[in-house]
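Below is one structure, written out as structure tokens; the observations come after it.
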């Protein structure tokens with residue numbers, strides 16, 4: 001009888017623990033849901049996307065909605081497509097989780113060009129930077145699948161990088177954006193066997209980029225930059241472009257979470273910036289050698305050196321001749 005009573009008590013205890021655990025998990029889920037900002041998020045089902053006044057996102061170019069994704073560009077040449085949020089972002093601390101897919105028939109290096117994620121002042125602008133305008137103002141995250149520069153020995157493509165534009169900086173596509181890159185990493189995100197994810201976190205002027213492309217369900221740090229200043233009121237978007245080479249570029253979801261961060265009195269009184277910037281930007285300056293210019297530079301260096309020596313020689317001969325003439329005159 002004692003054994004039976006102990007067994008019943010043990011079962012009751014286990015049931016109570018299970019109930020408390022289940023409630024705790026439910027509370028955690030509700031906690032996360034409370035911070036999911038649906039007005040800035042794009043996820044299934046994509047009802048009314050871009051086709052109604054109640055939609056919070058606009059489609060552009062070749063972008064189209066399917067039951068499984070928003071396809072920015074199909075696996076066809078010379079296409080541009082984008083999806084843009086209609087609502088400006090006024091959150092100081094946030095985290096963006098993006099589920100994307102890049103795939104196509106091209107093999108080896110015969111595919112491109114990639115896709116980009118945006119948080120910018122201007123929206124719905126066609127252009128050469130993965131389907132968006134150049135000299136943009138705001139943040140750009142680039143999933144670049146094709147190496148344009150010849151010298152790519154220090155990195156493997158696909159390559160994910162980020163850039164902060166102030167309206168005057170140019171993204172140099174021919175050099176894969178190296179001259180304005182804040183940080184990045186290689187990530188095998190094209191024709192991946194597993195789902196591919198990208199996470200962007202912005203909190204207390206710290207911008208962190210992480211990826212999950214190898215099916216391990218864990219984030220790998222890609223870039224981490226402090227002192228980043230992004231104004232409020234910018235728009236989220238995603239764009240893609242193909243040229244002579246192509247791929248399918250799909251956005252499956254973009255989920256934005258508001259982060260609850262304690263602010264010091266100094267941080268609360270901090271004046272908002274009007275132009276994006278990075279403190280101590282000099283640390284990110286990258287010197288890129290002009291392709292094909294080294295030989296020309298050497299040629300002109302030698303040419304001017306020879307001309308300079310020739311001029312010096314002529315001047316020396318003239319001065320020597322005058323010296324001899326003056327010396328001869330002194331003997332008469």
Suppose we filter 234, 202 for residues that are more than 15 Å from residue 144 (Cα to Cα), over 15 Å from the mean Cα position of the chain (by Cα) and either touching a residue at least 24 places away in the same chain (Cβ under 8 Å) or not assigned by TED's automatic domain parsing to the domain that holds residue 84 (or both); which single one remains? 234
Count - residues of the range 205-218 that are closer than 15 Å to residue 156 by Cβ and either surrounded by fewer than 16 Cβ atoms within 10 Å (Cβ to Cβ) or over 13 Å from the mean Cα position of the chain (by Cα) (or both): 2
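Let me confirm something: among 225, 200, 211, which residue is closer than 14 Å to residue 94 by Cα, out of contact with any helix residue (DSSP H, G or I) (no Cβ under 7 Å at 6 or more places or on another chain) and at pLDDT 95 or above? Give the steps one after another, and end with the answer.
On the way: 225 fails: closer than 14 Å to residue 94 by Cα; 211 fails: closer than 14 Å to residue 94 by Cα.
Result of the check over 225, 200, 211: 200.
Rundown of residues vs (1) over 21 Å from residue 239 (Cα atoms); (2) within 34 Å of the chain's Cα centre (by Cα); (3) at pLDDT 90 or above, yes/no style:
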| residue | (1), (2), (3) |
| --- | --- |
| 5 | yes, no, no |
| 8 | yes, no, no |
| 26 | yes, no, no |
| 29 | yes, yes, no |
| 38 | no, yes, yes |
| 47 | no, yes, no |
| 55 | no, yes, no |
| 76 | no, yes, yes |
| 80 | no, yes, yes |
Quick check: is even one residue across the range 85-104 under 24 Å from residue 56 (Cα atoms), in contact with a helix residue (DSSP H, G or I) (Cβ under 7 Å, 6 or more places away or on another chain) and buried (at least 19 other Cβ atoms within 10 Å of the Cβ)? yes
Conditions: (1) buried (at least 18 other Cβ atoms within 10 Å of the Cβ); (2) farther than 18 Å from residue 251 by Cα; (3) in contact (Cβ under 8 Å) with a residue 12 or more places away in the chain. Residue 125 meets all but one. Number of the miss? (3)
Filter the range 64-85 down to residues that are in contact (Cβ under 8 Å) with a residue 24 or more places away in the chain and in a loop (DSSP other than H, G, I, E, B), then give me how many there are. 8
Report, by residue number, each residue of the range 45-72 that is loosely packed, with under 14 Cβ neighbours inside 10 Å and over 19 Å from residue 123 (Cβ atoms). 45, 47, 66, 67, 68
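Among the residues of the range 190-201, is any surrounded by 21 or more Cβ atoms within 10 Å (Cβ to Cβ) and more than 25 Å from residue 106 (Cβ to Cβ)?
Quick first cut of the range 190-201, residues surrounded by 21 or more Cβ atoms within 10 Å (Cβ to Cβ) only: 190, 196, 198, 200.
Applying the additional criterion that residues be more than 25 Å from residue 106 (Cβ to Cβ) yields 200.
Yes, the range 190-201 contains at least one residue that is surrounded by 21 or more Cβ atoms within 10 Å (Cβ to Cβ) and more than 25 Å from residue 106 (Cβ to Cβ).
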Of the residues in the range 251-286 that are surrounded by 12 or more Cβ atoms within 10 Å (Cβ to Cβ) and at pLDDT below 85, the one that is farthest from residue 197 (Cα to Cα) is 267
Considering 182, 170, 139, 164, which residue is touching a helix residue (DSSP H, G or I) at 6+ places or on another chain (Cβ under 6 Å) and either buried (at least 19 other Cβ atoms within 10 Å of the Cβ) or more than 21 Å from residue 84 (Cβ to Cβ) (or both)? 182
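Yes/no matrix, rows are residues, columns are (1) touching a residue at least 60 places away in the same chain (Cβ under 8 Å); (2) under 22 Å from residue 243 (Cα atoms):
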{"site": "142", "(1), (2)": "no, yes"}
{"site": "165", "(1), (2)": "yes, no"}
{"site": "170", "(1), (2)": "no, yes"}
{"site": "175", "(1), (2)": "yes, yes"}
{"site": "189", "(1), (2)": "yes, yes"}
{"site": "193", "(1), (2)": "no, no"}
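The values are calculated or read from the model by the stated rules, or taken from the named source; none is laboratory data. Nothing here was measured: the structure is a model prediction, and the numbers come from that model. Don't worry about glycine lacking a Cβ; one is built from the backbone with ideal geometry, like all the others, and counts go over all protein chains shown.
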